[in-house]
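Novice: Below you will find the structure I want to go over with you.
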Amino acid sequence: RQRRVAEAEPAADPALRSVRVLSAIVGVPLLAGAAALFAAPAELGAHWVWPLTPLLARTVAAWYALFGTMLLSCAVALRHPAEAIIAYATLGAWSLLLLTLPLLYPDDVNGGGLWIALILVLVGLSAYALRVALRDRERL
């Protein structure tokens, strides 16, 4: 009897449909870029917004892979708005901290308009997902 209950997957909340789609749209290229940086750290690390050694490039790639995987996991398995709070709050905090790097280290971080745009997209996605998740809490 418990197996039947445990195997039944709850239906996804329709309010999360846009969050799930956007997470997939952002997560796939983020994960692909992380895999490319991990596979070719010297070549791609030379074009990064701050100097990267091959080892550091792979470490940076692992962080981006973490959040790309998280976004894809949310795109596939997010069912209830409360499930989004920790994941997207973590993504938002990480992204905001990354945005402080050009301010803290202006001599080491140069260029990177595309990188800043990506981080702003991640901040926007996390803010939107948190708004949807917390709006559900206010209805309760």
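Novice: Counting just the residues of the stretch 1-25 that are in a helix (DSSP H, G or I) and farther than 18 Å from ILE85 by Cα, which one comes out modelled with the highest pLDDT? Show your work before the answer.
Specialist: Here is the first cut: in the stretch 1-25, the residues in a helix (DSSP H, G or I) are 2-7, 14-25.
Pick out the ones that are also farther than 18 Å from ILE85 by Cα and you get 2-7, 25.
Numbers: GLN2: 61, ARG3: 64, ARG4: 63, VAL5: 61, ALA6: 62, GLU7: 64, ILE25: 97.
This residue is ILE25.
Novice: Shifting gears a bit: Taking the stretch 71-83 as the search range and keeping residues that are within 11 Å of SER23 (Cα to Cα) and crowded, with 20+ Cβ neighbours inside 10 Å, which one is modelled with the highest pLDDT?
Specialist: My answer is LEU71.
Novice: Within the stretch 13-52, which residues are in contact (Cβ under 8 Å) with a residue 60 or more places away in the chain and loosely packed, with under 14 Cβ neighbours inside 10 Å?
Specialist: Across the stretch 13-52, the qualifying residue is only SER18.
Novice: Given the criteria assigned to a loop (DSSP other than H, G, I, E, B) and either in contact (Cβ under 8 Å) with a residue 12 or more places away in the chain or within 19 Å of VAL121 (Cβ to Cβ) (or both), does ALA57 qualify? Before the answer, list the steps.
Specialist: Working: assigned to a loop (DSSP other than H, G, I, E, B): no; either in contact (Cβ under 8 Å) with a residue 12 or more places away in the chain or within 19 Å of VAL121 (Cβ to Cβ) (or both): yes.
Criteria not met by ALA57.
Novice: For the stretch 105-128, give me each residue that is touching a helix residue (DSSP H, G or I) at 6+ places or on another chain (Cβ under 6 Å) and not β-branched (Val, Ile, Thr).
Specialist: LEU122, LEU125, SER126, listed by residue number.
Novice: So, of the residues in the stretch 103-114 that are touching a residue at least 24 places away in the same chain (Cβ under 8 Å) and over 21 Å from PRO29 (Cβ atoms), which turns out to be most open to solvent (accessible area, probe 1.4 Å)? Full working, then the answer.
Specialist: Within the stretch 103-114, the first condition is being touching a residue at least 24 places away in the same chain (Cβ under 8 Å), and the residues that meet it are 105, 108-112.
Subsequent filtering for residues that are over 21 Å from PRO29 (Cβ atoms) retains 105, 108-110.
On the way: TYR105: 117, ASP108: 82, VAL109: 20, ASN110: 100 Å².
The qualifying residue most open to solvent (accessible area, probe 1.4 Å) is TYR105.
Novice: Is it true that ARG131 is charged (D, E, K, R) and within 30 Å of PRO10 (Cβ to Cβ)?
Specialist: Working: charged (D, E, K, R): yes; within 30 Å of PRO10 (Cβ to Cβ): yes.
Criteria met by ARG131.
Novice: Just one of the numbered conditions (1) over 25 Å from VAL21 (Cβ atoms); (2) at pLDDT 95 or above; (3) among the hydrophobic types (A, V, I, L, M, F, W, C) is not true of LEU66; which one?
Specialist: In the conditions (1) over 25 Å from VAL21 (Cβ atoms); (2) at pLDDT 95 or above; (3) among the hydrophobic types (A, V, I, L, M, F, W, C), LEU66 misses (1) alone.
Novice: Looking for whichever is assigned to a helix (DSSP H, G or I) and surrounded by fewer than 19 Cβ atoms within 10 Å (Cβ to Cβ) here; the options are ALA117, ALA87, ALA133. Which one fits?
Specialist: Numbers: ALA87 fails: surrounded by fewer than 19 Cβ atoms within 10 Å (Cβ to Cβ); ALA133 fails: surrounded by fewer than 19 Cβ atoms within 10 Å (Cβ to Cβ).
Matching residue, one of ALA117, ALA87, ALA133: ALA117.
The values are calculated or read from the model by the stated rules, or taken from the named source; none is laboratory data. What you see is a predicted model; the values in this text were computed from it and never measured. For neighbour counting, all protein chains shown are included, and Cβ atoms are generated from backbone atoms with ideal geometry for every residue, glycine included. Just the protein is used for accessible areas: all its heavy atoms, side chains included, with ligands, DNA and RNA removed. Shrake-Rupley method; radii C 1.70, N 1.55, O 1.52, S 1.80 Å.
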